[in-house]
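Read-outs: derived from the displayed coordinates by stated rules, not from any lab. Computed from a prediction, not measured in an experiment: that's the story for all the values here. Reconstructed Cβ throughout: ideal geometry from the backbone, glycine too, with neighbour counts over all protein chains shown.
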Amino acid sequence: MSKPFLIGVFALLLLSSFAAMGTASAYSYVQPFGQSISTTGYSFVGENFTIYVNDTNGFANYTMTAYIAGNNLSGFSPTSSIHNFQASNPDFKFSVTSPLTSQTLYITIISAAQYGSTSVKTSKTIQVTVVDPIVFHAVVQNTGVSTVKNLTVDFYLDNSASPIGNVTVKSIAPNQAVNVNFTYPLDPAKYLGNGEHTLRVSTGNQLISINGNIGSSTTTFYYGTPPNYNWIFYVAAIVVVFMVFMAFSSGRKTTPGMRAPKWRKQK
């Protein structure tokens, strides 16, 4: 064979090898697969909330499995494990009801899919704090002679200039008293903190009495664990015992002119 022919054959073989390598690489490549999870950071006991799971586009046969764990899942629904399948939609969402006991929920979400013949999977664990809600109460009474409709009752916390929320009373007749309940909308452990707080309830209507006060009413409440002052009682008890002992001891001193007991005499 001529030398040019051999060089041409070698070149063709080399190009074929590169083409085969490129084809193999194209089929073996798998794009990155991930998940994004969004939900609330806290929930009140017995409250519904939704969890959103967004997987990477471009895959097939998506599956999403969630496992929920906590100290006491009594009241939680639907179940402690949730499984969903979608052929081409990478976006999932599911709603749950918080348990009836304050705690931290640990939610592990596993996402899986197919890329050609290759299976991919990823997972993440999130936390949701379940807290007992703070519910503020106020007694609103119409002291006027006409019915008041759509009365707005505003709640102010710690002398804030803007209300933390409000409740609308649809109708309140003359001399009628209505109990108004307002749930603090934020995580109290995070935004209130332990200590004394003030609550002001106002309507801006001078014909409306709130907790017996015209126009507005301010009260004080304590959130968290109150300071333990038991040590004061312990100290007071010790002082009382000591004083009794001193009084008893001083009462046993020998009165001048009295004979000393025999056991006090020298031998």
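Below, the figures for the structure above:
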{"quantity": "Point-charge dipole on Cβ atoms (K/R +1, D/E -1) for region 135-223, about Cα centre, debye to 20", "calculated": "260"}
{"quantity": "Anisotropy class of region 100-227 from Cα gyration tensor, a/c 1.5 cut", "calculated": "prolate"}
{"quantity": "Peptide ranges 208-216, 72-80 listed from the most packed, as the mean C-beta count within 10 angstrom indicates", "calculated": "208-216, 72-80"}
{"quantity": "Sequence-separation-based contact order of region 35-131, relative, with Cα cut under 8 Å and 6+ spacing, percent", "calculated": "35"}
{"quantity": "Distance (nanometres) between label positions extended 7 Å along Cα→Cβ at T122 and H83", "calculated": "2.3"}
{"quantity": "Segments 168-181, 189-202 sorted - mean Cβ within 10 Å per residue, highest first", "calculated": "189-202, 168-181"}
{"quantity": "Isotropically averaged projected area of region 35-131, using the convex hull of Cα atoms (one quarter of hull area), nm²", "calculated": "5.4"}
{"quantity": "Interchain or long-range residues, amide H under 5 Å from T56's placed H", "calculated": "G34"}
{"quantity": "Relative packing of peptides 29-42, 56-69 - highest average C-beta neighbours within 10 Å first", "calculated": "56-69, 29-42"}
{"quantity": "Sequence-distant aspartates and glutamates (8 or more away, or on other chains) whose Cα lies within less than 18 Å of K170", "calculated": "D154"}
{"quantity": "Length added when fully stretched, S36-T220, from 0.36 nm per residue minus Cα-Cα", "calculated": "62.0 nm"}
